[in-house]
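The structure appears below as C-alpha cells.
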Amino acid sequence: MLARTLSAVALAPLLIWLLLAGSRFVLFLLLLAAGALLLWEWLRLKEPFSPLIHLPLLLAQSMMMYTGFRGYPGWIGLELVLILLALFAWSLVEYRPGTGVSARVGFRYLGVVYCGVPLMLLDGIRAMHHGGALICLLLFVVWATDTGAYLVGRKWGRSRIAPSISPNKTWAGFWGGTVMGSLLGLVSVLGFGLPFSWIEGLALGLVLSLSGQVGDLVESVLKRECGVKDTGQLIPGHGGLLDRLDSLLFVAPIFYAFLRLRGSDLSLGAWFFGG
C-alpha cells in the first residue's frame, strides 16, 4: 500500500497540472507513449517479442491515434480494417497445423483496439470545451472508486464478488468504491464549474464508477487466463501500466459517448426512434 500511495502522490499532481495548464499536443505525446506501452504489455501476455509482427503493430496503433489527433475520424475505421487484413495476411506466413490462427489474430487485433482507441478518445475529450476539467473528472471518479473499494473492502470486506476471478474484491469494497466514485463525480462537476446539473454529476459518477469496476474485473479475467499476477512492473506498487489503466480504458469510451450525445442535437428519443 505504501508503494501505491507514493506512486500516486508523485504522478497525480503532474498529470492534473498537464491536463489543466498543459497543451493538448503534450498530452497527446503522453497518450501515444502510454498506448505503445499498453500494447507492449498486452502482446507479451501470450507471446514472446517478435519484431516482424509487434513493431508494425505498435506503429499501426500510433498512426491510428495520430489520425484521431489530427481530426480525421473517417480514416480510423479504414485503418482498423487494414490492420485486421494485414494480420490475417501475416497469418499465412506463420501458419502451422494446430496454431490457432483466429485466436492469435484476434488477440493481437484486440490489443490494438483495446489499448489504442480509449486513449484516442481521451484526446478527443481534451479537444472539447472544458476538456482538461472533463478528463480530471474522469480520473477523480476512477481514483476515488479504487481508493474507496480498497479502504472499505479492507475494513469490512467479507463476502467475495467473484472469488474465481479476483479473490480480493468484496461486495463491501464494491459499494464503498461506488459511493466514493459517485460523490467525486458530483464534487468534480461543482468544483470545476462544468455545464452539468448536480444530478448529472452524480449519475455520471455512478455510471463511470460501475464501468471502471467492470473493467478491473475484465483485466483480472485476462490475467487469470494468461497465468500472470501483473502485466508488468513499470509502476511500483501497481504492476504494469495495463494494471493501472484497466478501469480508465473502460470508462473513457462511455464518457466520450455521453459527451458527444449531450453536445449534439440528438436526444435519446432521436437515437432510438429516429425523431
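The values are calculated or read from the model by the stated rules, or taken from the named source; none is laboratory data. Predicted model, so just to flag it, every value in this text is computed and none were measured. Backbone-built Cβ (ideal geometry, glycine too); neighbour counts: all protein chains shown.
Values as computed for the structure displayed
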read-out	value
Residues of segment 49-61 classified as free of Cβ contacts under 8 Å to residues at least 40 places away in the same chain, part of a helix (DSSP H, G or I) and surrounded by 11 or more Cβ atoms within 10 Å (Cβ to Cβ), total	5
Residues satisfying the stated conditions in segment 116-133, i.e. part of a helix (DSSP H, G or I), within 21 Å of Ile76 (Cβ to Cβ) and either touching a Leu at 6+ places or on another chain (Cβ under 9 Å) or of a type outside the set (A, V, I, L, M) (or both)	Gly116, Val117, Pro118, Leu119, Met120, Leu122, Asp123, Gly124, Ile125, Arg126, Gly131
Candidates Val189, Val179, Val141, filtered to the one that is β-branched (Val, Ile, Thr) and either over 30 Å from Pro73 (Cα atoms) or touching a Lys or Arg at 6+ places or on another chain (Cβ under 6 Å) (or both)	Val179
Tally, over segment 227-254, of residues that are over 17 Å from Ala34 (Cβ atoms) and at pLDDT 85 or above	1
